[in-house]
Structure formats: C-alpha cells, structure tokens
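Worksheet: the structure to be examined is printed underneath.
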Amino acid sequence: MARVLRVARSSSLFGLGSRFYSTPAEVSHGGGASRVLAKDRNVQWVFLGCPGVGKGTYASRLSTLLGVPHIATGDLVREELASSGPLSRQLSEIVNQGKLVSDEIIVNLLSERLEAGEAKGESGFILDGFPRTMRQAEILGDVTDIDLVVNLKLPEEVLVDKCLGRRTCNQCGKGFNVAHINLKGENGKPTISMDPLLPPPRCMSKLITRADDTEEVVKARLRIYNETSQPLEEYYRSKGKLMEFDLPGGIPESWPRLLEALRLDDYEEKQSAAA
Ligand code: ADP
C-alpha cells in the first residue's frame, strides 16, 4: 500500500487538492457547484450509486461539460481484463462473481490512470465507482480534497432491469440501454418511466453486453453495494460533501434537473459567452 500511496501523492492531480478546495458550506448551501467552478482549479468530484443507476452516463456528460476526465474504476478493471496482463485471470474471477477487487489493486490502477492523465496535462476529475470502501475513501482523503460527492438514486426494482438492458458498441464505445422501464408509483413513491436508449443502425450489429451483467451477478453486486455504501455515505455526509439526487426518470428528465441541482444550468451559456 505504501507504494500505492507514494504514486498517488506524487500525482499532481492529487497534489492540486492542497491549492484550493471548497469548504463544505460552499458545497452544500452556498453557490454549490458554480462556487467550486469559480475558483482556480478544476472540479474533483465523486459519483456514488448502485450498479445500473447511471453513474457512468451522468459522470461522462458532466466531464464533457466541465472539461475534466471521467475516470471509472470499473473501466480500468475491464481494460486490465482485456489486456490479458498478469492480473487479468485473478480479476476476472472476482469481477465475474460480482465481488470487489482488493483496495490495493484498485488504488494501483487508479494511481496509474491519474499519472498517465497528468502526463497528458489533465487536471480535475469525476470519479465513478471509487471509492467503494471506507479504506479507499480514507486513501483518497489522505491525498486530495474532494469537492463534492453526488449520490445518484433510483428505486431498487429498476436497477436489475437497467443492468440487464445495458449494451456497448464495441466499435465506437458508446453505451446504450434496451430496457423499457415503467415502475408504477405507489405508497407516495413517484412513477419511474425510462424509454430505451437505442443505438443508431451503424452500431446495431456491434453491441456487446458486459460479462458481469447477468441477473445473478447483478444481484450479487447490488447486495455488496448495499452492504458497503452506508458508511461511505455517512463519511461524506458528515463532511457536508454529500449531495443526494433521486433520478426522476431517464436522461431527458434527469439531466436538466441534475444540472439545476449542481447549479450548472447556465454554465454552458456562460462558457460560450466568455469564449
Ligand atoms: P457497477 O455496475 O457494479 O457499478 P463497475 O463498472 O463500477 O460496475 O465495476 C465493475 C467491477 O469492477 C465491480 O463489480 C468490481 O469487481 C470492480 N470494481 C470497480 N471499482 C471498484 C472499486 N472501487 N473497488 C473494488 N472493486 C471495484
């Protein structure tokens, strides 16, 4: 772990944290995201949420909007698996059972990704799928300051269907979802309906499904997520950094509301006016 920490500490992405970070009051009550954006470094955000909730979708859109890398530790694990490197067999056994990879391996993969980004001049980040354990959160907290933690939520009932409906084009890399979600609201809970996000005809024959998106493995991932997420949420809540966000539906309903909650609804306009 010492090596891991040294790698992480030497990364200027992590090092940037000491230059400025928003106080909890700014994140939770004040100018929110726009206050963070007004300062002298790029955002350092974390996305939490169950498998299938849409962390990747929204983190990726925000990364494009804010010009910071979207770093998903699940993608780093899948890249390692695809590389057939020395870790690959060990990782595939863990991932295909829906279990968590060890903190040491995952922090190593993340540190390497951050170092590579640093070499390309990247700054700031939106982390997706990290931290997943308190140990990971503590390691992250030791080496940098996180401005904001967005906790995305959807009713448990739709998550399995959403995972089973996920598809990726193996050529362009874009993600789609073939599931039709329609959960009738009852006992005060809202109706959740999401249209499928279908691929264009050129991607249709190139769609792949993640090996760990089978019903059994998704259920194991959800169980493990529910067992491990509470202390993490509590940790960031106690620091005043946690923003809870109940997704109201699919992307067309959720994206504008998320931008509003992050006080980014006029960000795009301001950016183009300043250009
Ligand atoms: P999910 O849809 O379950 O959120 P991800 O794409 O984030 O899936 O991750 C895929 C798999 O990669 C996980 O099931 C786990 O085995 C591994 N993984 C990803 N991030 C972490 C992490 N921070 N800690 C431990 N294991 C991780």
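A Förster radius of 22 Å, combined with the Cβ-Cβ distance separating Asp266 from Asp40, puts the computed FRET efficiency at roughly 0.60. If you bin all the Cα-Cα distances of the stretch 151-275 at 5 Å, starting from zero, the percentages per bin are 2, 9, 13, 15, 18, 19, 13, 7, 3, 1. Stretched out straight at 0.36 nm per residue, the stretch from Arg223 to Asp195 would grow longer than its current Cα-Cα span by 7.5 nm. Per residue, the convex hull spanned by the Cα atoms of the stretch 44-274 measures out at 151 cubic angstrom.
Each of Met243, Met194, Met134, Met204 was scored by other Cβ atoms within 10 Å of its Cβ. Listed from fewest to most, they are Met204, Met134, Met243, Met194. When only Cα pairs below 8 angstrom with a gap of at least 6 residues are kept, the stretch 44-274 shows a relative contact order of 26 percent.
Partner aspartates and glutamates whose Cα lies under 13 Å from the Cα of Lys189, excluding those fewer than 8 positions away in the same chain, are identified as Glu156, Glu157, Asp246.
Please give the residues of the stretch 215-237, grouped as numeric ranges, whose backbone N is less than 18 Å from a label point set 7 Å along the Cα-to-Cβ vector of Ile94. Correct set: 217-218, 220-229. Among the listed pairs Lys162/Lys206; Lys206/Lys241; Lys55/Lys99; Lys153/Lys174; Lys55/Lys241; Lys184/Lys219, those with a Cα-Cα distance over 29 Å are Lys206/Lys241. A crude spin-label estimate for the pair Ser238 and Ala119, with each label 7 Å from Cα along the Cβ direction, gives 3.9 nm. Listed from fewest to most Cβ neighbours within 10 Å, the set Cys50, Cys169, Cys163 follows the order Cys169, Cys50, Cys163.
Values in this text are rule-based calculations from the coordinates and carry no lab data. The shown structure was predicted, so the numbers you read here are calculated from the model rather than taken from an experiment. Counting neighbours? That spans all protein chains shown, and the Cβs are built from the backbone with ideal geometry, glycine included.
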